[in-house]
Amino acid sequence: SATSVLNVVTGLLKSTGSSQVALVGHSLGAALATLSGIHLQLWLHSNVRIKVIGFATPRIGNSAFADLADARLSDIYRVNNKRDYVPIIPGRFLGYIHTKGEIHISDESQ
């Protein structure tokens, strides 16, 4: 549960003295990393830096959600390959849009 994750992360930050949390995921895992990043940002102390890196992140929410994610997560990156369909679903016609931070891989040389 989100509460369990928050408790574990809080304990690790305290026991290690760290002030940074990195969340990384691919596809559905990237969507979950983004959601978890927002949750942690809302509940952890403001001096904790949250970084989210998603590979092939699908669109997660509407413009209000994207605005919230963009405002709360200053370090958010979405790495997308031009041939991957996951980053273009669900469709924009359904009201889903991406957060900021896209890094687009357009050919094999990148």
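Could you tell me whether segment 23-41 includes any residue that is loosely packed, with under 14 Cβ neighbours inside 10 Å, among the small types (G, A, S) and free of Cβ contacts under 8 Å to residues at least 40 places away in the same chain?
No, that holds for no residue.
Scan segment 71-87 for residues that are more than 16 Å from the chain's Cα centre (by Cα), open to solvent by 90 Å² or more (accessible area, probe 1.4 Å) and not charged (D, E, K, R) and report the count.
Looking only at that region, the number is 1.
Mind checking which residues of segment 88-110 are in a loop (DSSP other than H, G, I, E, B), open to solvent by less than 90 Å² (accessible area, probe 1.4 Å) and farther than 15 Å from I60 by Cα?
Within segment 88-110, S106, D107 qualify.
So which residues in segment 42-70 are surrounded by fewer than 17 Cβ atoms within 10 Å (Cβ to Cβ), part of a loop (DSSP other than H, G, I, E, B) and either among the aliphatic types (A, V, I, L, M) or under 10 Å from the mean Cα position of the chain (by Cα) (or both)?
V48
Give me the pairs: first residue in segment 52-78 and on the phi > 0 side of the Ramachandran plot, second residue assigned to a helix (DSSP H, G or I) and of a type outside the set (S, T, Y), beta-carbon distance under 9 Å, and six or more apart or on different chains, which are they?
These pairs meet every condition: A56/A30; A56/V86; A56/P87.
The values are calculated or read from the model by the stated rules, or taken from the named source; none is laboratory data. This structure is a prediction, so every number in the text was calculated from the model and none was measured. Here the Cβ is made from the backbone with ideal geometry for all residues, glycine too, and neighbour counts use every protein chain on show. Note: areas computed on protein heavy atoms with side chains; ligands, DNA, RNA excluded. Shrake-Rupley method; radii C 1.70, N 1.55, O 1.52, S 1.80 Å.
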